[in-house]
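Participant: Handing you a structure now.
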Amino acid sequence: MKIVLVGAGSREFGPATLRDIYLSEPLSERDVEVSLMDLNADELATTQSYAEALAGRMGRNHRVTSTTDLPEALDGADFVVMAIEVNRYFYWAQDFHVPRTYGFRQIYGENGGPGGLFHALRNMGPSVDIAQEMESRCPDAWLLNYTNPLTKLCEVQTRLTSTNVIGLCHGICHGKEQVCRLMEFDQDDLIGYACGLNHFTWFQELTSRSTGEDLYPRLKTREKEAHWLSDWDEIALSRILLRSFGLFPSPGANHIGEYVRWAEDFLGSSMLQFFYDPREGDPWTTGDVPTWLYNLSDHPTDAPLFPEGPLPRLKPSREDRDRDGGEINTSGELAIPIIEGLACGVERELAAVNVPNEGWIPGLPDGAVVEVPATVGPNGLEPRSMGDLPEAVLALLRPQASINKILVEAYAEGSRSKLLQALLLDPTCHSYRQSVHLINRMFELQADILPGMEWDD
């Protein structure tokens, strides 16, 4: 069995996936080759060394190779795990701030809103290249994609290639933790099924595993009793959506709010994310990218007045946690459990997979990439058919499905005019003129990494 990690040089994804491979008992019984692929040769060498050290410590004999050549890595692969990004925080700071200078009231800038459109376009070329290379080098392989914006990238891969693609995200775990915290309920006793679009899913079922009790009445009662300011930046928007639409969403305000025009009222940290003084120059001009803040739970006001060096933008890598001989744990991500199911027949429930809709969510278009629970095992991957969502919830989701499809068309046709259509459909859009100006400005700023796209005659 050949497992390829594309983007293996990342500090988080590479070590975490390697640990999951080496901790897997079903894979330990197979003849496994792990191919590490990354364009950054230095980081790739670091990951290769880590893999060798991990193999010695775990007593596994998986063969590990590394290369900067994508076709070489993919040749004969059975599974490809993908997590890619180039100069993430530099460009992401632009995604956050430039739309705001043109009047767009977006929060965050990763998956939805105008920032999410350009984040997607930057990653669409490499994502399609990987999927197309798989069509010729390993046509029967599975592509397990972690890269954001997840839905948009899975859309371009599934619509423009024949590759088997599953998008993976752990956001649903945050939603389960939030509802259990609100109810003061044991998360191990929770059965929660949610569906929708990645970073914008809705729990259709919350049930006690031990008693079968419907937990929604309890959640609604306890939510109204909870203090409003508790964990404001993470759950205040979710609480308002529960009250307004009757279902609890996932995973939290930063991500959900990207798809809701009025979400800014419920994210206190919005103006602190990538904060800079414009009198000192734009960070994409000076190259001094400011601190990335997820939300107020990161306690930015606790920062020392005169820190030694820049404030960290990233949490410590999991690689650091086992460097000195500490306990090695699985990441909790789903790529390796899915491989165990598809290749070894291990049956598992999967909290969330992102796949093209084939009636899994009634009311959303077939072919649109949706997030649903699933099972995997001897019968392959089996997404769960969900019940009807309330019409008001579908009304929030449908425009995003249309935006994603139009964005793929814009990329495939090299059309800024189609991109304008997608932007004009976005809930944060307020002006035709400013939309055109924004598109032109972003193509100036990110000319070195965006695909070639022109205005149609």
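Participant: Using all alpha carbons of the stretch 60-101, what is the percent of pairwise distances in each 5 Å bin, ordered from the shortest bin to the longest?
Facilitator: Pairs per bin, as whole percents: 5, 14, 18, 15, 11, 10, 10, 9, 6, 2, 1.
Participant: Next question, about the same structure. Given the pairs Lys176/Lys220; Lys152/Lys220; Lys2/Lys152, which are separated by over 23 angstrom at their Cα positions?
Facilitator: Lys152/Lys220; Lys2/Lys152
Participant: For a quick check: with amide H placed at 1.01 Å from N, whose amide H comes under 5 Å from Ser66's, ignoring anything fewer than 5 positions away on the same chain?
Facilitator: Those qualifying (amide H under 5 Å, at least 5 residues apart or on another chain) are Leu36.
Participant: Give the Rg/Rh ratio for the stretch 189-300, taking Rg as the radius of gyration of the Cα atoms and Rh as the Kirkwood radius, to two decimals.
Facilitator: Values: Rg = 17.6 Å, Rh = 16.0 Å.
Taking Rg over the Kirkwood Rh, I get 1.10.
Participant: Taking all pairs of different Cα atoms in the stretch 161-217, averaging 1/r and flipping that mean, what Kirkwood radius in angstroms comes out?
Facilitator: After inverting the pairwise mean of 1/r, the radius is 12.6 Å.
Participant: Also, quick follow-up: Using the basic label-point model (7 angstrom from Cα toward the beta carbon), what is the Trp455 to Glu177 distance in nanometres?
Facilitator: So the two model labels end up 4.7 nm from each other.
Participant: Related question: Give me D for the stretch 116-169 in µm² s⁻¹, whole number, from Stokes-Einstein with Rh from the Kirkwood sum over alpha-carbon pairs, 20 °C and 1.002 mPa s.
Facilitator: 197 µm²/s
Participant: Mind checking which of Ser244, Leu44, Pro373 is farthest towards the positive end of the chain's charge dipole, using Cβ charges of +1 (Lys, Arg) and -1 (Asp, Glu) about the Cα centre?
Facilitator: Of the candidates, Ser244 comes out farthest on the positive side.
Participant: Could you work out the equivalent-ellipsoid semi-axes for the stretch 329-457, taking the square root of 5 times each eigenvalue of the Cα gyration tensor, largest first, in whole Å?
Facilitator: Semi-axes (√(5λ), whole Å): 36, 20, 13.
Participant: With the cut-off at 14 Å, report for the stretch 386-446 the share of all Cα pairs above it, as a whole percent.
Facilitator: 63 percent
Participant: When ranked by the protection proxy of mean other Cβ atoms within 10 Å per residue, highest first, what sequence do the peptides 333-346, 393-406, 65-78 form?
Facilitator: By packing density, highest mean first, the sequence is 333-346, 393-406, 65-78.
Participant: Using per-residue counts of other Cβ atoms within 10 Å, averaged over each peptide, order 251-262, 20-31, 416-427 from highest down.
Facilitator: Put in order of decreasing packing, that is 251-262, 416-427, 20-31.
Participant: How many percent of the alpha carbon pairs in the stretch 240-312 exceed a separation of 14 Å?
Facilitator: When every Cα pair of the stretch 240-312 is considered, 69 percent fall beyond 14 Å.
Participant: Can I ask one more? Return the ratio Rg/(2.2 N^0.38 Å) for the stretch 52-143, where Rg is computed over Cα atoms only.
Facilitator: Its radius of gyration relative to the 2.2 N^0.38 Å reference: 1.49.
Participant: Would you mind computing the Rg to Rh ratio of the stretch 93-217 from its alpha-carbon coordinates, Kirkwood style for Rh?
Facilitator: On the Cα set of the stretch 93-217, Rg over Rh gives 1.09.
Participant: Please give the length that would be gained between Glu347 and Arg433 if that part of the chain were fully extended, namely 0.36 nm times their separation in residues minus their C-alpha to C-alpha distance (nm, one decimal).
Facilitator: 25.7 nm
Participant: On average over all directions, what projected area in square nanometres does the stretch 1-107 have, based on the convex hull of its Cα atoms?
Facilitator: With the hull built on Cα positions only, its mean projection is 8.3 nm².
Participant: Still on this structure, please answer the following. What is the magnitude of the charge dipole of the stretch 157-298 about its Cα centre, with +1 placed on the Cβ of each Lys and Arg, -1 on the Cβ of each Asp and Glu, and no other charges, expressed in debye to the nearest 20?
Facilitator: Details: 12 positive and 21 negative charges, 115 e Å.
Around 560 debye, computed over the stretch 157-298.
Any read-out appearing in this document is the output of simple, stated calculations on the displayed coordinates, not a laboratory observation. Note that the structure is predicted; figures quoted are calculated from it, not measured. Every residue, glycine as well, gets a Cβ built from its backbone with ideal geometry; the counts of neighbours run over all protein chains shown.
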